[in-house]
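In what follows, a structure is listed as structure tokens, so that the remarks can point back to it.
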Amino acid sequence: MNNARRCVACGSLFHPLSHVPNQRFCSAPNCQRERRRRWQRQHIRADADYRENQHRAQASWRARHPDYWRQYRSTHPAYRERNSVLQRKRNALRRTGVVANMDASHIARPLTSGYYVLRRASEVKIAKMNAYIVHITVLSPPGGPSVPDCKEMM
Ligand SMILES: [Zn+2]
């Protein structure tokens, strides 16, 4: 037993496989399972350490460059313009009192004159519910704030 060594899991002597010179666990199934368990644990920890380091590095970079975003905005007018357009849209939506999680693209489309099915929002999930056909006439000129005029038809 010239090259025999002790298994780090069970402590028994074993001969390392010729193609695994750094073998530390014997070939017993339990010891191999233990080897895989330790390997996984180590990688999970290394992963967590890596993320932790990234997070710390970013935070410290931001602390060392507090003016970065202010400078970025002042030297990138297109970015600033786009942001303020988006902010104006958000403000406009807020003024209308529309529920925040509604699809913004749907709301931004101006209402056109025509017939609409009107249902109570609280009854949408109910199979037999009252529905009304209403005609909406948009009175304002294109581009202006729309003032829909609702006439109940039935
Ligand atoms: Zn072993």
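From the protein chains alone at 1.4 Å, what is the descending order of accessible area for Trp39, Trp61, largest first?
Trp39, Trp61
Largest first, how would Ile133, Ile44 line up by accessible area (1.4 Å probe)?
Ranked list, largest accessible area first: Ile44, Ile133.
State the extension gain, in nm to one decimal, for the chain segment bounded by Asn53 and Arg6, taking 0.36 nm per residue of separation less the distance between their alpha-carbons.
Gain on stretching Asn53 to Arg6: 13.3 nm.
Full-extension gain between Ile44 and Asn91, please, as 0.36 nm times their residue separation minus the C-alpha to C-alpha distance.
Value of the extension gain: 12.5 nm.
How big is D for the range 1-58, in µm² s⁻¹ as a whole number, if Stokes-Einstein is applied with the Kirkwood radius of its Cα pairs at 20 °C and 1.002 mPa s?
162 µm²/s
Using protein chains only and a probe of 1.4 angstrom, how many square angstrom of Thr137 are accessible, to the nearest 10?
About 40 Å², rounded to the nearest 10.
Fully extended, how many nm does the chain gain between Arg62 and Ala28 (0.36 nm per residue separation, minus their Cα-Cα distance)?
Fully extending the segment from Arg62 to Ala28 adds 7.1 nm.
The values are calculated or read from the model by the stated rules, or taken from the named source; none is laboratory data. Everything quoted here is computed from the prediction, not taken from an experiment. Quick note on the areas: whole protein, heavy atoms, side chains included, nothing else; ligands and nucleic acids left out. Shrake-Rupley method; radii C 1.70, N 1.55, O 1.52, S 1.80 Å.
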